[in-house]
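**Student:** Below is a structure I'd like to ask you about.
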Amino acid sequence: MSPAEWDAAAPAAGGLDRAAAILGAFDAAHRELTLAALVARTGLPRSTAHRTADRMIGLGWLDKPKDRYRIGNRLFEIASLAPIRLQLREAVLPFLQDLHSATKHTVQLGVLDGAQILVVEKITGHRPMPMLSQTGGIIPTHCSALGRAILAYSDPATIDAVLAAGLERRTPRTLTDPVAVLRELTAIPPRGWAVEREEGNIGVSCVAAPIFGPLGDVAAAMSVTGPSSQIRPQAAGPAVRLAAAAASRAYCARR
């Protein structure tokens with residue numbers, strides 16, 4: 001939206017929309033932004049961006065050390081109260097830690113958020129993998145083991161929505177044919193885990209298993225990710241499946 005369009009829509013948009021636009025300007029690649037960058041990434045008029053950002057600083061939603069804005073601690077405090085963190089993450093975290101200790105590879109917890117996967121938790125230990133999304137980041141559903149582990153137990157409408165959102169080719173190995181993706185999903189329930197081989201990042205493979213809620217519906221997935229030369233699905237799969245089953249029981253006990 002251009003500055004002129006923002007000005008015209010100001011009465012309807014309101015302060016919340018402007019604040020949402022500013023918060024949406026931040027991501028993993030843009031953790032700190034100057035005022036000029038905020039204006040460029042939001043399309044807000046400079047005076048509006050400056051006024052709104054200053055108000056957000058007063059509320060604790062933003063912080064501004066020196067000349068750059070960043071997300072404020074108050075938002076972190078509020079986010080910690082969300083059920084996805086307070087219930088799911090707290091229940092699953094011990095099993096993620098156990099899985100990391102057993103495999104020595106990066107482990108992740110993800111949930112379906114629209115047509116993408118939201119990374120709720122991640123443990124890397126001493127082997128960081130910078131190409132992976134950070135906690136709070138999003139990854140494609142169709143070409144991630146986390147996404148496939150969830151989709152394999154989802155209803156047809158959910159699967160159709162993900163396929164309709166587009167199957168981006170991330171690497172030469174990415175499955176972009178809906179039929180091929182569906183074929184991959186049907187292979188998951190019999191063995192209990194999903195596999196992704198260098199479809200999101202070359203040289204990286206992942207194995208994931210679903211986490212279920214008290215009604216038997218799939219709520220999330222947990223995974224082990226590492227260099228393709230070190231991730232062997234037949235060895236990692238049963239470990240991830242057992243950890244996910246234990247995490248499911250713990251999560252259901254909290255609901």
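**Student:** Which members of the range 148-169 meet the condition of being closer than 29 Å to Leu242 by Cβ and either outside any helix (DSSP H, G or I) or in contact (Cβ under 8 Å) with a residue 12 or more places away in the chain (or both)?
**Tutor:** Arg148, Ala149, Ile150, Leu151, Ala152, Tyr153, Ser154, Asp155, Thr158, Ile159, Val162
**Student:** Still on this structure: Residues that are among the basic types (Lys, Arg), surrounded by fewer than 21 Cβ atoms within 10 Å (Cβ to Cβ) and closer than 16 Å to Ala149 by Cα: does the range 218-236 have at least one?
**Tutor:** The answer is no; no qualifying residue exists.
**Student:** Let me ask you something else. Inside the range 170-196, can you point out the residues that are in contact (Cβ under 8 Å) with a residue 40 or more places away in the chain, over 18 Å from the mean Cα position of the chain (by Cα) and surrounded by 15 or more Cβ atoms within 10 Å (Cβ to Cβ)?
**Tutor:** Once the filter is applied, which keeps residues that are in contact (Cβ under 8 Å) with a residue 40 or more places away in the chain, over 18 Å from the mean Cα position of the chain (by Cα) and surrounded by 15 or more Cβ atoms within 10 Å (Cβ to Cβ), the range 170-196 yields Ile188, Gly192, Trp193.
**Student:** Taking Arg46 as the residue in question, decide whether it is more than 30 Å from Ala244 (Cα to Cα) and in contact with a Ser or Thr (Cβ under 6 Å, 6 or more places away or on another chain).
**Tutor:** no
**Student:** Of everything in the range 130-147 that's of a type in the set (A, V, I, L, M, F, W, C) and part of a loop (DSSP other than H, G, I, E, B), which residue is modelled with the lowest pLDDT?
**Tutor:** Narrowing the range 130-147 to residues of a type in the set (A, V, I, L, M, F, W, C): 131-132, 138-139, 143, 145-146.
Then keep just the ones that are part of a loop (DSSP other than H, G, I, E, B); that gives 131-132, 143.
Working: Met131: 59, Leu132: 68, Cys143: 93.
Among them, the one singled out is Met131.
**Student:** Residue check, Glu199 against (1) free of Cβ contacts under 8 Å to residues at least 40 places away in the same chain; (2) charged (D, E, K, R); (3) assigned to a loop (DSSP other than H, G, I, E, B); (4) crowded, with 19+ Cβ neighbours inside 10 Å, all met but one. Which one?
**Tutor:** (1)
The values are calculated or read from the model by the stated rules, or taken from the named source; none is laboratory data. If you're wondering where the values come from, they're calculated on a predicted model, not measured in any experiment. Every residue, glycine as well, gets a Cβ built from its backbone with ideal geometry; the counts of neighbours run over all protein chains shown.
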